[in-house]
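Heads up: the structure comes next, in structure tokens.
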Amino acid sequence: MTTNNNDKERIYVLGATGNVGSVIVDELLKNNNIQVTAYTRSPNKLADKKEKNKNDQHQLTIVQGGYTDLRPFYESIAGHTRLFLLVPDMEEMGNIKIELGKKAIEVGVKQIVDLSVASTSWRQYQALLPHQEGEKAIFELPNRRNRNSYFVSLRPTNFMSNLLFSAETIKNQDRFIDAAEPNTDYQDYISPRDIGLVASRILMDPVEKHDDAAYELIGDVKTPQEQAEIFSNVLGRPIRYTQVSSQTMYDIYINLGMGHALSFCASTYQPKNPMVTRGLPILLDGRNPESIQEWLENNKSAFMSDFWVSQQRHWCKYCKKFIANNKPSIEIHNNGRQHKDAVEKFLRDVYKGGQQKKEEDEKKLRELERIEKAAMKTMGSEYQGSDLSSKYSISNYTKSLSSSSYSSKSKTTFEPPPKDDDIQQPKLEGKEEWAIPSNIATPGQWEIISTNKKKSTSTVDNDKKDKKTTTHDNKPEFQDDEIEDEEDLKNFKIQEKQLPLDHDNNNSIDEQPLFKKRKKTGMGQNDKKVKRRIRSKEEEEY
């Protein structure tokens, strides 16, 4: 199977938890003669694979590390025979690839399988240039062939997973957009799973079989209009394609946080006469590559929506902007130069703020010490040498400031209230146990209360007569409307007021209780004065 000894092959996989790397790890672990080392920033994503291979703890080794600090890789690459080289799109990607390749060849790695990029003209797209430079630099290393090290390049085209960028518009608007012509511009794609299967097959084949080969990987080619028809058939509802300008697509990618180079490439990339790689089934052990329709059926749930759902956008607190809330958009934004600059600026501001606060605190302390010295100088030498000076100095105050609040609390003690069991009570037995205590419900002394005798009916009648005869000391029997008897208010009833006519006033008015006389405006002396009558309390009783 390999050109090495009968010992187990040791294969190092970079990016082991990605769309491509996870497929490679799964395929390699199926072979018991291979030991796999997985390099990843998130080891917890490989916990399930580690559990499946718990019977052979040495078959899978996990190394936690990133691409900004390569020391974990340098310390763990020794002793491996093959390397799957994958570096995400980021600043200095080309230089990182070259450093990883040099170190692998230096420690004796016999085969490097590099995930590069589709073949385009040299420097045609700035975003693809680091891949091209890294591939060329590793291939041309002077000591590589002297050490019998082989270098295989995989050149995939657009990943089918890039279609997920249109998931939001397909779910909510039943359409997807692009700058390509709907019926004449062909777009090429490759499934990430097929890339992983090709890479794992090469890593398990003899190293001499593939030598220094470079494989183009194109799995399917379709126009935008054909893609819309595939979406409609798989999703079961009409999906339309809308062509927009390259500027519109460029602005969309910029808003997602992608840099200029990658946004320009994604919005203007146009392959020349793309065709499905004819030899791809050979690399896939006779299986045809996965088509767009097959990939879409396997990822149908990402584009389905039974009802409209408002997608909450992801807020980047460093860049102060919203981006699409899906994994590809967030990863592209986080790997962009704009986001990294914003993170560095945020950390610098935090460090600068801490330094400024520290300087302000020191300045306040120096000012307090200056005030203390000036006060000492003003009060004289007697105060400076006294105990009072040392006791209330600023320096002692600042030293004990943090502990003063706690010391005062610790010195203060409070006695808890006594419990009922602690109170000694006399023990009662027999009848005394059930008797009512003498200090409870004690009757008081009898008191003689004098009561006023009720007035006789004759005296009451005399009092009424006296009230009628008085005209100055007592209040009049009937008052103005504004002053009402409190007893009358309790028995108040609504009744329509009547104004008696002139011919009825001769006999009845004098007999009935009347209001006070009220003057009308503009009334002359000869005008008749009309009195209003109300019901008295005696009348209401009857």
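The values are calculated or read from the model by the stated rules, or taken from the named source; none is laboratory data. Keep in mind it's a predicted model, so treat the numbers as computed, not measured. Cβ placement follows ideal geometry from the backbone for every residue including glycine, while neighbour counts extend to all protein chains displayed. Surface areas here come from the heavy atoms of the whole protein model, side chains and all, with no ligands, DNA or RNA. Shrake-Rupley method; radii C 1.70, N 1.55, O 1.52, S 1.80 Å.
Residues are listed down the side, and each one gets a yes or a no for (1) at pLDDT 90 or above; (2) under 30 Å from Gly336 (Cα atoms); (3) assigned to a loop (DSSP other than H, G, I, E, B):
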residue	(1), (2), (3)
Leu28	yes, no, no
Asp48	no, no, no
Glu51	no, no, no
Asn55	no, no, yes
Ile62	yes, yes, no
Asp89	no, yes, yes
List every residue pair whose Cβ atoms sit under 9 Å apart, with the two residues 6 or more apart in sequence or on different chains, where the first one lies in the range 90-103 and is open to solvent by 50 Å² or more (accessible area, probe 1.4 Å) and the second, anywhere, is of a type in the set (Asp, Glu). Asn95/Glu133
Identify, from the list Ile112, Ile105, the residue that is in a strand (DSSP E or B) and more than 39 Å from the chain's Cα centre (by Cα). Ile112
List the residue pairs whose Cβ atoms are under 8 Å apart, where the first residue sits in the range 11-37 and is hydroxyl-bearing (Ser, Thr, Tyr), the second is open to solvent by less than 10 Å² (accessible area, probe 1.4 Å) and part of a helix (DSSP H, G or I), and the two are 6 or more positions apart or on different chains. Tyr12/Ala104; Thr17/Leu46; Ser22/Gly196
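Per-residue answers, yes or no, for (1) loosely packed, with under 10 Cβ neighbours inside 10 Å; (2) at pLDDT below 85; (3) over 30 Å from Tyr67 (Cβ atoms):
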{"residue": "Pro281", "(1), (2), (3)": "no, no, yes"}
{"residue": "Arg287", "(1), (2), (3)": "no, no, yes"}
{"residue": "Asn298", "(1), (2), (3)": "no, no, no"}
{"residue": "Arg313", "(1), (2), (3)": "no, yes, no"}
{"residue": "Lys321", "(1), (2), (3)": "no, yes, no"}
{"residue": "Ile330", "(1), (2), (3)": "no, yes, no"}
{"residue": "Asn334", "(1), (2), (3)": "no, yes, no"}
{"residue": "His339", "(1), (2), (3)": "no, no, no"}
{"residue": "Glu362", "(1), (2), (3)": "no, no, yes"}
How many residues does the range 28-51 contain that are over 18 Å from Lys97 (Cβ atoms) and surrounded by 12 or more Cβ atoms within 10 Å (Cβ to Cβ)? 14
Out of (1) on the phi > 0 side of the Ramachandran plot; (2) within 35 Å of the chain's Cα centre (by Cα); (3) surrounded by fewer than 20 Cβ atoms within 10 Å (Cβ to Cβ), the one Leu164 does not meet is (1)
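Each row is one residue, and each column tells you yes or no for (1) without any contact (Cβ under 8 Å) to a residue 24 or more places away in the chain; (2) open to solvent by 30 Å² or more (accessible area, probe 1.4 Å); (3) over 29 Å from Ile11 (Cβ atoms); (4) outside any helix (DSSP H, G or I).
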| site | (1), (2), (3), (4) |
| --- | --- |
| Glu208 | no, yes, no, no |
| Gln225 | no, yes, yes, no |
| Glu229 | yes, yes, yes, no |
| Val234 | no, no, yes, no |
| Arg237 | no, yes, yes, yes |
| Tyr253 | yes, yes, yes, no |
Filter the range 169-189 for residues that are within 15 Å of Gln243 (Cβ to Cβ) and among the β-branched types (Val, Ile, Thr); the one that is most open to solvent (accessible area, probe 1.4 Å) is Thr184
Starting from residues that are aliphatic (A, V, I, L, M) and closer than 30 Å to Leu163 by Cα, keep the ones in the range 341-360 and report whichever is surrounded by the fewest Cβ atoms within 10 Å (Cβ to Cβ). Val343
